[in-house]
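Below: the structure, in structure tokens.
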Amino acid sequence: MLEQVEKIAKEIENTEVKLKEELEAFRLKFVSNKGVIGELFGKMKEIEPDQRKEFGQQINALKNAAQAKFKELQDTFENQAMQNIKHDDLTLPSIPNELGTIHPLTKVREDIIRIFERIGFNLSEGPEIEDDWHNFSALNFPPNHPAREMQDTFFVEKDPDIALRTHTSSVQVRVMENQEPPIRTLSPGRVYRNETISARAHCMFHQIEGLYINENVSFKDMKDTLYYFAKEFFGADTKIRLRPSYFPFTEPSAEIDISCSVCHGKGCNICKYSGWVEIGGCGMVDPNVLKASGIDPEKYTGFAFGMGVERMALLKYGINDLRLFTENDVRFLRQFSSI
Ligand code: PHE
């Protein structure tokens, strides 16, 4: 009898299953009451009474071992089955592969560039760390003129002055120094000003400036160009108006306003209930600027304009805090996936 118990114990220990049928066969043979262990329980009567207790303990242990082994086989069998499914079952849903989205500032910059490209503007780029000449002097900022402070410059070095560019007009100087008119160029890029970060201001932001120089360029050409842009970017019903202003590098100079793109002129908190919002500055290039870059102001005239990319995005999408652009909150960024 004891031999039989040992034999069954060994058999249980050595069993391996590969097929579902083998697992079921194990269950019937060792776990079921009608199996070999159940049979042993039935033989209890044949055992000498003084040995019954010991025998009972042995077959109980055998029964527990059989159940534990069955559980173990069942688990490994299920794991294997899962692995097979992962590799083979083409009907299972795929693991989602999330796509990134275009940053709203990239999107707005590209949209603006496309609109000007259609009327013949090309792109030019320049360094973010600029010398005094390209950021100020060539743009007709006299030495020690308060207009230099107007731009809240971050200086990197003093004498000779090197600074983080405060506008991308610096790129336009570089273009004028190196190219003959006609010039029709757009300079997008990052600019820096020493401003306290708030919902409306940042010390780092993006600009797109435009420059057109040719014979007989007029103020009307500038106004037509800006009107075309405003309608393309903000919608066909958009109006523009120019308000007299001052920039050292343009004369005359103006601020560009558009009819509020959020309330369409009715009045809202974005336009402070005036119906108009400012989108940038513009003006006819000052003859001194042309001269400084080696262009004959007797022969050529031109216009320039500049706008903030963040501001255009705020106005187009009704965003009320420009810090959102640099916080990388995916809940904000994901909203721009389909536009
Ligand atoms: N460079 C100006 C600024 O950053 C914007 C501007 C560009 C104004 C061109 C007029 C003409 O404030």
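The values are calculated or read from the model by the stated rules, or taken from the named source; none is laboratory data. A quick note: this is a predicted structure, and the numbers were derived from the prediction, not measured. So basically every Cβ, Gly included, is an ideal-geometry build from the backbone, and we count neighbours across all protein chains shown. Ligands, DNA and RNA are stripped out before the accessible areas are found, and what is left, the full protein with its side chains, is counted by its heavy atoms. Shrake-Rupley method; radii C 1.70, N 1.55, O 1.52, S 1.80 Å.
Just order 71-81, 29-39, 126-136 by mean Cβ neighbour count inside 10 Å, highest at the front, would you?
Output ranking for 71-81, 29-39, 126-136: 126-136, 29-39, 71-81.
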Next item on the list: Please work out the Cα center distance from the range 1-70 to the range 131-188, rounded to the nearest Å.
Entry: 93
Checklist line | Length-normalised contact order for the range 104-336 - Cα pairs under 8 Å, 6+ apart - percent | finding: 21
Note to self: Using the alpha carbons of the range 29-148, what is the convex hull volume per residue in cubic angstrom, as a whole number?
What the structure shows: 296
Next item on the list: With only Lys, Arg, Asp and Glu charged, each at its Cβ (+1 for the first two, -1 for the last two), find how big the charge dipole of the range 104-336 is about the Cα centre; round to the nearest 20 debye.
Entry: 1080
Next item on the list: Could you rank the peptides 55-63, 300-308, 320-328 by their average count of other C-beta atoms within 10 Å per residue, with the highest value first?
Entry: 300-308, 55-63, 320-328
Item checked: Candidate aspartates and glutamates - alpha carbon under 19 Å from residue 45, same-chain residues fewer than 8 apart omitted -> 3, 54
Next item on the list: For an R0 of 25 angstrom, estimate the FRET efficiency from the Cβ-Cβ distance between residue 106 and residue 145 and round to the nearest 0.05.
Entry: 0.10
Margin query: For the chain, give me the percentage of DSSP beta bridges that are antiparallel, rounded to the nearest 5 percent.
Written below: 95
Check: Of 28, 51, 9, which is farthest on the positive side of the dipole of the range 1-90, counting Cα position, with +1 on Lys and Arg Cβ, -1 on Asp and Glu Cβ, and the Cα centre as origin?
Finding: 51
Item checked: Solvent exposure of the chain as accessible area per residue, Å², 1.4 Å probe -> 58
Next item on the list: Calculate the all-directions average of the projected area of the range 173-305's alpha-carbon convex hull, and give it in nm².
Entry: 8.8
Margin query: Please list, in order along the range 304-317, the HN-Hα scalar couplings obtained from phi with the Karplus expression 6.51 cos²θ - 1.76 cosθ + 1.60 (θ = phi - 60°), rounded to whole Hz, x for Gly and Pro.
Written below: 9, 8, x, 9, x, 5, 4, 4, 5, 5, 4, 6, 6, 10
Note to self: Can you compute the FRET efficiency between residue 58 and residue 24 using 1/(1 + (r/R0)^6), with r the Cβ-Cβ distance and R0 = 22 Å? Round to the nearest 0.05.
What the structure shows: 0.25
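Given a 1.4 angstrom probe, I'd like the percentage of the accessible area of the range 2-83 that is carbon and sulfur, rounded to a whole number. Don't jump to the answer; show the numbers that get you there.
Details: 3030 of 5970 Å².
For the range 2-83, the apolar C and S fraction of the accessible surface comes to 51 percent.
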Notebook entry, point to check: Between rounded, prolate and oblate, where does the range 104-336 land on the alpha carbon gyration tensor, with a ≥ b ≥ c its root eigenvalues, rounded for a/c under 1.5, else prolate if a/b exceeds b/c?
Noted result: oblate
